[in-house]
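The values are calculated or read from the model by the stated rules, or taken from the named source; none is laboratory data. Values in this document were obtained by computation on a predicted structure and should not be read as measured data. With ideal geometry, Cβ positions are generated from the backbone for all residues, glycine too; neighbour counts draw on all protein chains shown. Accessible surface areas use protein heavy atoms only, side chains included; no ligands, DNA or RNA. Shrake-Rupley method; radii C 1.70, N 1.55, O 1.52, S 1.80 Å.
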Amino acid sequence: MGTQKRWRRVIATVTIVAALLGFGVATSVSADEIKFKDVPETHMYYKTINDLAGKNVISGYPDGTFKLDKGLQRAESAKILATMLKLNVSSEKTPFTDVADGQWYTDAVKTLFKAGYIQGYDHKFEPDREITRAEYAQMLVNAYEIPKADIQLPFTDVVKGEWYEPAVKALYASGLITGIDEDSFAPNQSIKRGDAVWLLAKTDAKFGPYKLTILHTNDTHANLDNIAKRVSGVKAEKAKNPNALLLDAGDVFQGTLYFNEFHGQADLQFMNLMGYDAMTFGNHEFDLGATPEGHQALVDFIKGAQFPFVSSNIDFSGDEKFTGLFSDLISSEPEKGKIYNGIVKEINGEKVGIFGLTTAETVDISSPGAVKFENYLAEAEKAVKAFEGMGVNKIIALTHIGYDDNANVDNDLTLAAKVDGIDVIVGGHSHTTLSTPVVIDKDENGAIKDPTVIVQTGANNTNLGVLDVKFSKNGVIKEANGKLIPVANLEPDKEAMELLKPYASKIKEVSEKEIGVTLEKALENPRLGEGQTSGISVRNHETILGNIITDGMLAKAKEYNPKTVMALQNGGGIRAAIDAGPVTNGEVIKVLPFGNTLAVMDLTGADLKAAFEISLRSYPGENGGFLHVSGGKVEFDSTKPVGQRVVNVYIKNAEGAFTPVVDNQTYTIATNAFTAQGGDGFDVFAKIYKAGKVTDLGLSDWENFRDHLVSLDKIPTELEGRIVDIAAGK
């Protein structure tokens with residue numbers, strides 16, 4: 001060992017990863033599936049070797065043997081450790097002259113070197129040499145950050161002051177090694193393959209990162225037509241990892257006929273089947289508060305749940321219907337069908353805290369009644385402090401406040417930056433599709449903080465979220481990988497399909513039910529034919545159907561914000577016509593099938609003109625972002641270049657007169673949430689949304705349309721000249 005340079009221990013932090021495909025925990029294979037000829041079932045290493053082979057951490061030789069007593073090469077040790085740790089592969093060049101690019105071990109060596117877990121000798125790694133017991137001990141101590149120990153070793157061959165002595169002490173004090181006999185460690189001997197694998201597994205079990213898998217959903221909005229597919233996805237993920245958490249971030253209520261007919265009970269049957277661990281409340285859970293029955297449907301939903309609910313910033317005490325259901329405490333033994341400030345679950349031997357938050361906008365966009373909402377940041381800080389006081393250092397916030405929603409009210413990005421100690425935010429409300437987890441590692445002042453991982457699946461039962469996180473022993477996230485599983489791509493679960501039949505049968509009956517409106521003339525939804533570049537289309541021209549839809553949007557928005565002066569609907573979101581004759585629920589839903597919600601935003605006259613320039617950019621061709629309008633009109637000149645076509649935009653006042661918009665004046669308009677967030681290329685709206693000037697009212701577009709149709713004494717049959725090409729009259 002005299003020619004070897006002393007190893008320098010480098011403490012490295014594992015890079016946070018947000019990959020589309022989750023790292024998962026590889027499923028161990030049974031002993032019957034992998035058998036090395038020279039590792040009998042009676043051998044003490046049999047289970048460990050088969051388990052790691054099943055996880056593709058190790059492999060044997062072509063002749064079917066493992067060679068337990070053969071020395072482990074340094075290249076092999078690097079490959080095994082890098083695979084076990086699942087580190088991100090380094091893109092840097094190999095630092096060693098004897099490690100060529102493209103070798104089976106090259107990536108592992110580069111990755112471990114960058115992390116500070118290995119070093120070489122005079123710019124060489126010596127990959128083919130067998131690794132010594134001392135070298136292997138040092139590598140494990142570096143990689144797993146095993147704490148130093150000031151103890152007296154029993155080994156007479158571990159020289160005091162040698163470079164490897166601290167590593168041997170650390171392993172011995174941790175109970176990981178005993179030596180080759182009572183007084184010998186044999187630091188210069190090669191470590192055998194069997195011993196190396198066993199020690200690695202033992203070290204990983206004791207000092208490896210804590211792994212947690214979270215399955216998550218949000219804003220499913222009673223979309224149950226494909227619920228059997230979600231059930232299938234959950235069952236498949238739980239088969240891989242039976243200890244995975246299953247969480248829902250609210251807004252199970254409202255959105256389809258399933259809710260109108262069953263008030264959440266249909267959804268609940270499937271949530272109980274899937275085995276949810278916890279749910280928080282969305283704003284729509286409070287939609288029925290103004291009905292004669294009040295929140296009875298929500299109370300029935302809670303009582304029937306085979307899981308607890310978490311809510312830290314909602315005060316239910318003012319509504320007697322919730323008496324006995326709500327506890328303002330964090331519980332380590334939560335009961336099903338009850339509401340808690342937070343809960344603690346023990347998973348894989350570790351305590352995990354879960355608390356819930358709901359947007360304060362609920363007061364304005366729903367009907368909570370006597371149910372009150374408290375400051376989300378203050379309540380989050382209280383919850384974190386309470387968990388930490390219980391010795392819990394892995395904390396999940398289950399939120400329905402929006403990912404990047406109105407920051408003046410509440411959102412996940414602000415929560416992550418301002419409240420220290422939250423590890424994971426499973427979010428909802430903004431219907432944001434985060435295909436990969438978002439990692440916030442700086443506080444509101446830009447200072448480095450422990451990472452907080454944010455996930456959200458979108459909406460309407462489109463995706464099942466899967467998040468895999470690794471925690472350090474101190475409860476700090478070291479790695480986070482997530483993915484969204486498209487529910488539509490899954491095979492339906494047979495049990496769930498049978499459970500759905502009676503509900504689906506009733507919904508079919510209800511969808512065919514007439515809404516009480518009869519059309520003398522069809523509400524057409526024209527499109528250009530193949531090869532056409534001009535003509536009347538819902539995507540380039542005012543239509544009666546578009547006018548009625550936007551009229552309904554404006555009327556509904558005014559109920560919530562009387563300052564609203566205009567409503568806009570993208571033509572691409574209008575998907576079907578309605579034939580003459582009695583109108584059914586099903587026909588209404590086909591017109592607006594995307595489950596969009598109504599939103600209001602504040603913008604300037606200049607912004608509004610810029611939006612109509614985008615709307616008219618493809619004219620006379622089609623544009624899915626072509627804006628239908630209520631509460632005003634638009635004049636444009638199609639002979640002008642794209643971006644210079646808008647001549648005037650007018651607002652219609654209470655007397656029916658039209659007033660031109662003023663560039664620097666602020667107006668409140670209504671549109672759907674998709675458009676408000678910048679869909680169809682409306683970058684002007686995207687900037688306004690990002691600036692926190694949009695409020696999603698959470699009201700279903702098809703229900704607004706249906707209600708407006710029913711409210712009309714006479715259905716319009718003529719166009720009104722709301723969108724006019726002045727060039728046509730030249």
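Residues that are buried (at least 21 other Cβ atoms within 10 Å of the Cβ), modelled with pLDDT under 95 and aromatic (Phe, Trp, Tyr) within segment 57-87 are absent altogether.
Selection of segment 624-636 for residues being in a loop (DSSP other than H, G, I, E, B) and surrounded by 17 or more Cβ atoms within 10 Å (Cβ to Cβ) yields GLY625, PHE626, GLY631.
Whether a residue is free of Cβ contacts under 8 Å to residues at least 24 places away in the same chain, open to solvent by less than 40 Å² (accessible area, probe 1.4 Å) and more than 30 Å from LEU87 (Cα to Cα) was assessed, and GLY529 passes this test.
When residues in segment 335-359 are screened for being part of a loop (DSSP other than H, G, I, E, B), modelled with pLDDT of 95 or more and open to solvent by 40 Å² or more (accessible area, probe 1.4 Å), 3 of them pass.
Taking helices (runs of 4 or more DSSP H) as the structural unit, those lying wholly within segment 216-323 and holding at least 3 residues that are open to solvent by 20 Å² or more (accessible area, probe 1.4 Å) and at pLDDT 95 or above correspond to 227-240, 265-274, 296-304.
For residues in segment 190-211 being among the basic types (Lys, Arg) and open to solvent by 40 Å² or more (accessible area, probe 1.4 Å), which is farthest from LEU153 (Cα to Cα)? Checking each candidate, the answer is LYS211. Of all residues in segment 147-189, those that are crowded, with 20+ Cβ neighbours inside 10 Å and not in a loop (DSSP other than H, G, I, E, B) total 6. Are any residues in segment 364-423 aliphatic (A, V, I, L, M) and within 17 Å of the chain's Cα centre (by Cα), and if so, which ones? Selection gives ILE395, ILE396, ALA397, LEU398, ILE401, LEU413, LEU415, ALA416, ILE422.
A quick yes/no check of all residues on (1) under 25 Å from GLN456 (Cβ atoms); (2) touching a residue at least 24 places away in the same chain (Cβ under 8 Å); (3) in contact with a Pro (Cβ under 9 Å, 6 or more places away or on another chain):
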residue	(1), (2), (3)
LYS336	no, yes, yes
THR359	yes, yes, no
ALA370	no, yes, no
ASN375	yes, yes, no
ALA383	yes, yes, no
GLY391	no, yes, no
ALA407	yes, yes, no
GLY421	yes, yes, no
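Applying a threshold of 6 Å to beta carbon distances and a minimum spacing of six or more residues, or different chains, the list of pairs starting in segment 135-149 at a residue that is over 22 Å from GLN189 (Cα atoms) and ending at one that is basic (Lys, Arg) reads ALA149/LYS169.
Just checking: which of the strands (runs of 3 or more DSSP E) contained wholly in segment 440-491 hold 2 or more residues that are without any contact (Cβ under 8 Å) to a residue 60 or more places away in the chain and either farther than 30 Å from ASP267 by Cα or of a type outside the set (Ser, Thr, Tyr) (or both)? The strands (runs of 3 or more DSSP E) meeting that bar are 448-455, 477-486.
Okay, residues lined up against (1) farther than 22 Å from GLU285 by Cα; (2) in contact with a Cys (Cβ under 8 Å, 6 or more places away or on another chain); (3) at pLDDT below 95:
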| position | (1), (2), (3) |
| --- | --- |
| ALA386 | yes, no, no |
| ASN393 | yes, no, no |
| HIS400 | no, no, no |
| ASN408 | yes, no, yes |
| GLY427 | no, no, no |
| HIS431 | no, no, yes |
| VAL439 | yes, no, no |
